[in-house]
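K.L.:
Let me begin by handing over the structure; questions about it come next.
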Amino acid sequence: GKKALELLVEDIYNNTKAAAQKALKKWRTSREVGRLYTRIANVRHVKTLWQVDKAVDLSSFYCESHIYLDKKRKCIRAVSEFETAENLLIEGIAGQGKSIFLRYLCAVELMRGESFPVFLELRRIQPDQSLLQAVVMAFKELGIETDEEIFRDIAGTGKVILFLDAFDEIHDDLKARLTSEIEHLAVTIENLRIIVSSRQGGGLAM
């Protein structure tokens, strides 16, 4: 996984402008890629009903998830198995495992090294914070100093997947704005892949 991420970072670096290359420069070494890999891989660690005091690796309890695509039930083990390059909304009832599924997909993408996965819990977005600002902050938490312009450049390479978790948990007052912002990102950054999870009837349609 770390070697695949190293090659991916190099690929993104070679296809971005000077400002983005400056932000990615230190991550082009094996040592720094190892740190980046570890930070992204933290998405695998979650607290459960049986382990509330300490996060556990989801790989220790994860069961393969099945979804319905065009009314056909299908087991999904990686994003590529959706067999579409379009943005996706994954819906389900409460407690069905949508967040764990999204975290699992993010971890798989990290291992495969074909896309740079970024996991964001939408409920953490503040009332005075835009979606793009939250995404930029997520990059900074990984150690990549970006701004909105740099993110757009990196995402424009077609190598970034945003995993936006639990749209239904956003405060109702923010849903209309964030829906518009998700749509705006999808339209203005054509090569950016967006996958959102939500309860059925959560207020988002894609």
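K.L.:
Please go through the stretch 189-202 and pick out each residue that is at pLDDT 95 or above and open to solvent by 10 Å² or more (accessible area, probe 1.4 Å).
P.N.:
Arg193
K.L.:
Kindly check whether there is at least one residue in the stretch 82-90 that is open to solvent by less than 90 Å² (accessible area, probe 1.4 Å) and at positive phi.
P.N.:
no
K.L.:
Which residue is farthest from the chain's Cα centre (by Cα), if the candidates are limited to the stretch 1-20 and must be closer than 19 Å to Leu110 by Cα and hydrophobic (A, V, I, L, M, F, W, C)?
P.N.:
Within the stretch 1-20, the match that is farthest from the chain's Cα centre (by Cα) is Leu7.
K.L.:
Against the definition (under 15 Å from the mean Cα position of the chain (by Cα), modelled with pLDDT under 95, surrounded by fewer than 17 Cβ atoms within 10 Å (Cβ to Cβ) and in a helix (DSSP H, G or I)), how does Ala186 come out, yes or no?
P.N.:
yes
K.L.:
What are the pairs with Cβ atoms under 6 angstrom where one residue, in the stretch 179-190, is closer than 18 Å to Gly201 by Cα and the other, located anywhere, is surrounded by 13 or more Cβ atoms within 10 Å (Cβ to Cβ)? Sequence gap at least six, or different chains.
P.N.:
From residues that are closer than 18 Å to Gly201 by Cα, the pairs are Thr179/Leu204.
K.L.:
Within the stretch 68-90, which residues are in a strand (DSSP E or B), modelled with pLDDT of 90 or more and aliphatic (A, V, I, L, M)?
P.N.:
Of everything in the stretch 68-90, those that are in a strand (DSSP E or B), modelled with pLDDT of 90 or more and aliphatic (A, V, I, L, M) turn out to be Ile76, Leu88, Leu89, Ile90.
K.L.:
Further question on the same structure: Any idea which residue in the stretch 91-112 is nearest to Ala4 (Cα to Cα), counting only those that are in a helix (DSSP H, G or I) and among the β-branched types (Val, Ile, Thr)?
P.N.:
Looking at residues that are in a helix (DSSP H, G or I) and among the β-branched types (Val, Ile, Thr), I get Val108.
K.L.:
Another question, if that's okay. Are any residues in the stretch 1-39 over 16 Å from Ser115 (Cα atoms) and either in a loop (DSSP other than H, G, I, E, B) or acidic (Asp, Glu) (or both), and if so, which ones?
P.N.:
Answer for the stretch 1-39, where residues must be over 16 Å from Ser115 (Cα atoms) and either in a loop (DSSP other than H, G, I, E, B) or acidic (Asp, Glu) (or both): Lys17, Thr29, Glu32.
K.L.:
Out of (1) at pLDDT below 95; (2) touching a helix residue (DSSP H, G or I) at 6+ places or on another chain (Cβ under 9 Å); (3) surrounded by fewer than 18 Cβ atoms within 10 Å (Cβ to Cβ); (4) not in a loop (DSSP other than H, G, I, E, B), the odd one out for Phe139 is which?
P.N.:
Unmet for Phe139, out of (1) at pLDDT below 95; (2) touching a helix residue (DSSP H, G or I) at 6+ places or on another chain (Cβ under 9 Å); (3) surrounded by fewer than 18 Cβ atoms within 10 Å (Cβ to Cβ); (4) not in a loop (DSSP other than H, G, I, E, B): (3).
K.L.:
Can I ask one more? Given the condition β-branched (Val, Ile, Thr), in contact with a Ser or Thr (Cβ under 7 Å, 6 or more places away or on another chain), open to solvent by less than 80 Å² (accessible area, probe 1.4 Å) and closer than 30 Å to Gly34 by Cβ, answer yes or no: does some residue in the stretch 96-110 qualify?
P.N.:
Checking the stretch 96-110: not a single residue is β-branched (Val, Ile, Thr), in contact with a Ser or Thr (Cβ under 7 Å, 6 or more places away or on another chain), open to solvent by less than 80 Å² (accessible area, probe 1.4 Å) and closer than 30 Å to Gly34 by Cβ.
K.L.:
Also, quick follow-up: So if I check each of Glu169, Glu145, Glu183, which one is of a type in the set (Asp, Glu) and within 23 Å of Lys26 (Cα to Cα)? Working first, answer last.
P.N.:
On the way: Glu169 fails: within 23 Å of Lys26 (Cα to Cα); Glu183 fails: within 23 Å of Lys26 (Cα to Cα).
None of the others qualify; the one that does is Glu145.
K.L.:
Can I ask one more? Thr157: open to solvent by less than 80 Å² (accessible area, probe 1.4 Å) and either touching a Ser or Thr at 6+ places or on another chain (Cβ under 8 Å) or in a loop (DSSP other than H, G, I, E, B) (or both), yes or no?
P.N.:
Judged against the criteria, Thr157 is a match.
The values are calculated or read from the model by the stated rules, or taken from the named source; none is laboratory data. Computed from a predicted model, the values in this text were never measured in an experiment. Positions of Cβ are generated from backbone atoms using ideal geometry, with glycine treated the same way; all protein chains shown enter the neighbour counts. We work out accessible area using only protein heavy atoms, side chains counted, and drop any ligands, DNA or RNA first. Shrake-Rupley method; radii C 1.70, N 1.55, O 1.52, S 1.80 Å.
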